[in-house]
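The values are calculated or read from the model by the stated rules, or taken from the named source; none is laboratory data. Everything numeric here is computed off the predicted structure, so don't read it as measured data. Here Cβ is always computed from backbone atoms with ideal geometry, including for glycine, and neighbour counts include all displayed protein chains. The area values use the complete protein model at the heavy-atom level, side chains included, leaving out ligands, DNA and RNA. Shrake-Rupley method; radii C 1.70, N 1.55, O 1.52, S 1.80 Å.
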Amino acid sequence: MGKNKNKVILRSSVSVFLAIWIFLSNLFPGLGIMLVDTAKMGLDYISLTPNSTVVKTKDVEKAMESRTSSNIFVLATDSDFARIKKNYDLRDIDKLNEYFDYVKSCADELLSAEPQGYVYDDEEDSILEAARAILERVIVLAFMWRMTGSAVYADRCKAEIFNACNFSDWHESHFLDTAELTFACSLGANWLYDYLTEAEFKQIGTAVKEKSFDVSKGKILSQNWWKWSKTNWNSVGYGGLGVGAMVFYDEYKDFAADFLAETYNNMAYNFETFTPDGVYVEGSGYWEYCTTYLTYFMSTSNNFIGTDFGLSKIDGFLKLGEFPLYVTGATTVFNYGDNKKVSVGAPSLYWFSKQTGRPDVAYYQAKESVADELSHGKGRFELGRECAVGALWYDAELLAGLDTDNLPLSVYLRSDSSQEFVAMRSAFFDRNATYAAIKGGYNYTNHGDLDIGTFVFDSMGERWAEDLGPADYGNSGYFVGIVAGGRWKVYAKRAEGQNTLVFNPNSAFEDQYPFARATFKDFKPDAENGGKAFLDMSDAYKFAGVSKATRSFELFNSRTSLRISDEFKCRQPSEVYWFMHTKADIEIIDAHHAILTINGKQMKATLSENSVGEFKVMAAESLLDGIDNRTKGSWEGLKKLAVYAGGVTSGSIEVTLVPLNNN
């Protein structure tokens, strides 16, 4: 009787489950697909398959037998500092003089400033800004002490370090804070090694151990999830603590050897975000953050023990230095995702240039003056830090043999984590050049948008098609990537906030499927005209009543003009929108022609006669209620050149952009 009762209960439970499943599937079509794709995303995220060879603790201990005799090794050695100090005294290299003068002005300003306090940011839920301020101050002040030997810089640097060491904690719940403070104090202890007493050095080491090393031993799958992350958190966490483990190796050998072995292995988890072509999944600004800590760690490891255990040899790593060249347009960067529309410059480019023998990579960084960097949004002391590191890694010989004429003007780049884009241009390092770039890839990436098919376009020294970049990180749910909520309820993160297509905006949870992937099925570079890329975007709209959506993206007419051609098929009569965000003044001439004007320069937009819909001007805001339309920064004058068609089941939209006064 008991067995039969259990069978009845089991059958009843199954029936109830199936009934619920059928109800939910009817209420939310595609729920099963979403659950499967969510599971795949989760499994991929925790599929930890390092690209590197396995490094064991005994391998690290063996490498320590041939460690450097230099007391200084973080980013640079004693001999490096001696060489740079000679340049500082002789003042015989203009670029270095520019760096030296700026760092000194920052250091002198800091002499009368109080040490940075423990400032908690409610919106960011972190002390990250305070941690970065401390790092910037430590690098600037310690650098100037090594250049001048003046105790005032060393004493002020010590005050900054010991103030941070006296914090109650380094806010390990937001581990980037901990990692940056670890790096700041470890670098300071290393660069001030000749100035600190043994007791002072150990005091810093004790703070690093208690506030960083000890808390890094927490549960991997909760507090220290960064250890298995495929994001910048992995690079910053391991980079910051890895340098600390080298600086305080003798004080904490057991921890340091184990942790460094873990670092050489686990750092590679994040490498698939830029393997094989160096295109960085998180975009331009996060490229800078991630690669800064990667090069901090790699350079220090090679200085300290003569090896990075093969990390820098992993496919795609050294190509990271090329990424800024291709993601930067004529006027500014292709700032997809949560990236600001500012320069991608970083002193790590000098490091990459030396490793690869690529003078164009060094030139990308060297061409920007201090004034340029400040105008592009760099913070005063942030730039001071970069100038100090830049002075250490700059070498005038890196620029020897520069020949930008041999750089490919049309490229298709991708990463193993499904990020990919095509960029085509008329020239490098020319503000008046033409630049057109389009993005495919996977929507559900860290700091990613629903932006399959989005593009930017530069011509005549102006950006005609804009990417909005980040919205306010404090927006409710901004980093909650759930379907029908969180991040996708912020306009700038939705497809309608991009330069792409939107179908039936009221019919699906989101206006592009968050787990969609889009690959360029064809790319044909053209030496004379630019080239043409073909992107299948169908997966992005499969829950919006669309069976097919493709986009071809063509730079033509001797690399001056852009054509975007879309083809689509819908499963029922549908609404379709084509969007291009712009700051241009838009004059609609008729249904198929418009004139865009910026600073007296004009661009003609033409909608082909066989296209569905007609041109119209729309506000840069959502088609739906309940969407957060706030953007970040100044977007005064932003609007959308749009094409709209209703009641269509198939068709094409072809828009060409041709400059009217291109000289």
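Of note:
- Stokes-Einstein diffusion of region 487-531 at 10 °C, 1.306 mPa s viscosity, Kirkwood radius from Cα pairs, rounded to a whole number: 123 µm²/s.
- Our estimate of slack between S547 and A396, defined as 0.36 nm per intervening residue step minus the Cα-Cα distance, is 48.8 nm.
- For D250 and D92, the difference between the fully extended length at 0.36 nm per residue and the C-alpha to C-alpha distance is 53.0 nm.
- Unit charges at the beta carbon, dipole of the chain: most positive-side option, A107, V576, A261: V576
- Its DSSP H runs of at least 4 residues, each contributing -39,500 (n - 2.57), put the calculated 222 nm mean residue ellipticity of the chain at -11500 deg cm²/dmol, to the nearest 500.
- Residues of region 347-391 with amide N under 18 Å of a point placed 7 Å along Cα→Cβ from N406: 353-364
- Listed values for region 132-143 are Karplus-derived 3J(HN,Hα) couplings in whole Hz (6.51 cos²θ - 1.76 cosθ + 1.60, θ = phi - 60°), namely 5, 4, 5, 4, 4, 5, 4, 5, 4, 6, 5, 4, and x replaces Gly and Pro.
- Prolate/oblate/rounded label for region 532-622 (Cα gyration tensor, a/c 1.5): prolate
- Taking the Cα centre of region 169-310 as reference, the dipole from Cβ charges on Lys and Arg (+1) and Asp and Glu (-1) amounts to some 260 debye.
- FRET efficiency for the pair S222 and Y473, taken as 1/(1 + (r/R0)^6) with r the Cβ-Cβ distance and R0 = 22 Å, rounds to 0.45.
- Whole-number accessible area per residue in Å² for region 292-408, which is evaluated in the context of all protein chains at 1.4 Å: 32
- Percentage, to the nearest whole number, of Cα pairs in region 147-208 over 20 Å apart: 24
- Dipole of the chain [Lys/Arg +1, Asp/Glu -1 at C-beta], most positive-end residue of C157, V502, N270: V502
- Where region 120-238 is the region considered: accessible area per residue in Å², 1.4 Å probe: 34
- Coil-residue GluC sites (Glu not before Pro) of region 494-539, DSSP, other Cβ within 10 Å capped at 14: E528
- Label-to-label distance for A151 and D526 is 7.1 nm, based on points extended 7 Å past Cα in the beta-carbon direction.
- 25 °C / 0.890 mPa s Stokes-Einstein diffusion coefficient of the chain, Kirkwood radius on C-alpha pairs, µm²/s: 92
- Loop sites in region 563-626: GluC sites (Glu not before Pro), DSSP, at most 14 other Cβ within 10 Å: E609
- From phi via Karplus (6.51, -1.76, 1.60), per-residue ³J(HN,Hα) for region 244-249 in Hz, x at Gly/Pro: x, 5, 6, 5, 10, 4
- Here the relative contact order of the chain, from alpha carbon pairs under 8 Å that lie six or more residues apart, stands at 10 percent.
- For region 456-571, the spread of Cα positions along each principal axis, largest first, Å: 47, 37, 19
- Between T307 and R571, the simple label model (points 7 Å from Cα in the Cβ direction) yields a spacing of 5.6 nm.
- For K227, the lysines whose Cα comes closer than 25 Å to its Cα, not counting residues fewer than 8 places off in the same chain, are K40, K56, K58, K62, K209, K211, K217, K219, K253, K313, K319.
- Cα extents of region 408-451 along the three principal axes, largest first (Å): 34, 18, 12
- Surface share of carbon and sulfur [accessible, 1.4 angstrom probe, percent] for the chain: 51
- One compactness figure for region 257-354 is 1.10, namely its Cα radius of gyration divided by 2.2 N^0.38 Å.
- The loop-placed trypsin sites (Lys or Arg not before Pro) in region 584-663, going by DSSP, that have at most 16 neighbouring Cβ atoms within 10 Å of their Cβ come out as R630, K632.
- Heavy-atom accessible surface of region 538-663, averaged per residue, reaches 43 Å², computed with a 1.4 Å probe.
- Applying the Karplus relation 6.51 cos²θ - 1.76 cosθ + 1.60 with θ = phi - 60° to region 420-428 yields 3J(HN,Hα) values of 7, 8, 10, 10, 9, 8, 9, 6, 9 Hz, where x marks Gly and Pro.
- Sites A591 and D430 - FRET efficiency at Förster radius 41 Å, r taken between beta-carbons, to 0.05: 0.70
- Average silhouette area of region 59-158, convex hull of alpha-carbon atoms, in square nanometres: 9.4
- Over region 70-117: Rg over Rh, Cα atoms, Kirkwood Rh: 1.08
- Counting only Cα atoms, region 426-514 measures 42, 29, 19 Å along its principal axes, largest extent leading.
- The distance between label points at L318 and K62 comes to 2.4 nm (points 7 Å beyond Cα on the Cα→Cβ vector).
- Placing a label point 7 Å from the Cα of M618 along the Cα-to-Cβ direction, the residues of region 478-504 with a backbone N closer than 11 Å are 495-504.
- Extension gain, L374 back to A199 (0.36 nm per residue minus Cα-Cα distance, nm): 59.1 nm
- q = 0.13, 0.22, 0.23, 0.30 Å⁻¹: log10 I(q)/I(0) that the Debye formula gives for region 116-175, counting C-alpha atoms only: -0.38, -0.83, -0.87, -1.20
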